[in-house]
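Asks: Questions regarding the structure given below will be posed in turn.
The values are calculated or read from the model by the stated rules, or taken from the named source; none is laboratory data. In this text, all values refer to a predicted model and were calculated from it rather than measured experimentally. Neighbour counts run over all protein chains shown; Cβ positions are idealised from the backbone, glycine included. What goes into the accessible areas is simple: the full protein's heavy atoms, side chains included, and nothing from ligands, DNA or RNA. Shrake-Rupley method; radii C 1.70, N 1.55, O 1.52, S 1.80 Å.
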Amino acid sequence: MAPQGLTYALMVQGAPYSQQASHSALRFAEALPAQGHRVAAVFFYHDGVYNAASMMSPPQDEPHLLERWRALHQVQQCELLVCVASAIRRGLLDESEAKRHGHSHPTLEAPFELTGLGQLMHAALHYDRLITFAP
Amino acid sequence: MSSKSILVIVRHPPHGSSWVREGLEAALVGAALGQPPTILFSGDGVLALLANQQRGALGQKGSAAMLEGLSLYDVEPLWYDHLSLEARGLDVSQLMPGCQQACIADMIARHDVVMSF
Amino acid sequence: MSTLHLINRSPFSTNVLHELADAVSEGDHILLIEDGVYAAFGAPCWTLPEGISLWALQEDCASRGVTPSSVTWGTMDMAGFVALTASTHRTVSWF
């Protein structure tokens, strides 16, 4: 019998619309509550940081991955943690980082948060399961 | 503090992508938090352990320098899967110092959490 | 204390399945997802130790028109995937 009420951390390493990783991670996360589990944190690393691109504008007949992540955050109260080192290199900056680097607009917004790798290690240590969705 | 053990598996070669650097950074941060993970190189990941590497075309700090620094943070030894090494026609004499042979199945079974890069 | 191994790459483009053969322990589960389900057409083209359960994710098989060889591969829906991650001790992603 599988244990009940587990907390999950997901690591998403695949870019949206390039690989299936984001879709798989979302489908998995959305299926957790039916079995009494929940996703506590999603950590975006490698090209996975592009999932947080605030100006993501997919065609209307395609799933809007940013909206799906926001909905997941609302429903399961999970943190959406974006590796700051991977994100800034790739042009994903929140308001304060945008200012600091002399850009007029942020490209990453709440509920996504820029965080260090310490948060990934914390999630791995403190939540019951870590599942990696890779490109 | 949790007593969970973490295994970081690196399975991609260095220089051509950022996987090795990102895996090593995760391991270093774990060590800085007082929970040094075990690090294991398997598949093409063993190529990150080759001696005599230089700064890469990505213009970023080569992973070899980071690897040499891991022992300062108690992330040691550098475990490698010997079958992956053999499959690539290599032996341990071609690797940097500090490498040690591992059985990957045992490694996985002995850790609570596995992170792949 | 078993492990769930996730494979998301076609077996024809990667060596990962051969590497996996050395990395599994008795009682482990292998679940094919995404392009990994292309390994489910027939018997595994690599040798695995005894006592390993083999699964393919139903929705990824369906989207790709893959009917897993039922002799070798069980199919599992997303709920089954979740249940496997809960009943095993750890999950390893191979890519």
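Asks: Name the helices (runs of 4 or more DSSP H) wholly within the range A:22-134 that hold at least 3 residues that are more than 14 Å from every other protein chain (Cβ to nearest Cβ) and open to solvent by 10 Å² or more (accessible area, probe 1.4 Å)? Break it down stepwise before answering.
Replies: Details: elements: A:65-76, A:84-89, A:95-100, A:117-126.
Where helices (runs of 4 or more DSSP H) fall fully within the range A:22-134 and carry at least 3 residues being more than 14 Å from every other protein chain (Cβ to nearest Cβ) and open to solvent by 10 Å² or more (accessible area, probe 1.4 Å), they are A:65-76, A:95-100.
Asks: Something else: On the basis of being among the hydrophobic types (A, V, I, L, M, F, W, C), within 25 Å of B:V29 (Cβ to Cβ) and within 16 Å of the chain's Cα centre (by Cα), does A:A52 make the cut?
Replies: yes
Asks: Have a look at B:G34, B:G23, B:G43 and point out the one that is small (G, A, S), without any contact (Cβ under 8 Å) to a residue 60 or more places away in the chain and open to solvent by less than 30 Å² (accessible area, probe 1.4 Å).
Replies: Being small (G, A, S), without any contact (Cβ under 8 Å) to a residue 60 or more places away in the chain and open to solvent by less than 30 Å² (accessible area, probe 1.4 Å) holds for just one of B:G34, B:G23, B:G43, which is B:G43.
Asks: Is there any pair with a first residue in the range A:48-72 that is of a type in the set (D, E) and a second that is at pLDDT below 95 whose Cβ atoms are under 7 Å apart and which are 6 or more apart or on different chains, and what are they?
Replies: Every condition considered, no pair remains.
Asks: Now, a different point. Please list, ordered by first then second residue, the pairs with beta carbon atoms under 8 Å, 6 or more apart or interchain, first in the range C:67-95 and closer than 27 Å to B:D44 by Cβ and within 12 Å of chain A (Cβ to nearest Cβ), second open to solvent by less than 30 Å² (accessible area, probe 1.4 Å) and part of a helix (DSSP H, G or I).
Replies: As it stands, the answer is C:R90/B:I108; C:T91/C:T85; C:V92/B:I108; C:W94/C:V16; C:W94/C:E19; C:W94/C:L20; C:F95/C:V16, since those pairs meet every condition given.
Asks: Now a separate question. Going through the range A:4-13 one residue at a time, which ones are touching a residue at least 40 places away in the same chain (Cβ under 8 Å) and either within 9 Å of chain C (Cβ to nearest Cβ) or open to solvent by 10 Å² or more (accessible area, probe 1.4 Å) (or both)?
Replies: Answer for the range A:4-13, where residues must be touching a residue at least 40 places away in the same chain (Cβ under 8 Å) and either within 9 Å of chain C (Cβ to nearest Cβ) or open to solvent by 10 Å² or more (accessible area, probe 1.4 Å) (or both): A:L6, A:T7, A:Y8, A:M11, A:Q13.
Asks: In the range B:61-117, what residues are of a type in the set (V, I, T) and surrounded by 15 or more Cβ atoms within 10 Å (Cβ to Cβ)?
Replies: Within the range B:61-117, B:V75, B:I104, B:I108, B:V113, B:V114 meet the criteria.
Asks: Report those strands (runs of 3 or more DSSP E) wholly inside the range C:1-83 carrying at least 2 residues which are in contact with an Asp or Glu (Cβ under 7 Å, 6 or more places away or on another chain) and surrounded by 14 or more Cβ atoms within 10 Å (Cβ to Cβ).
Replies: Those strands (runs of 3 or more DSSP E) span C:3-7.
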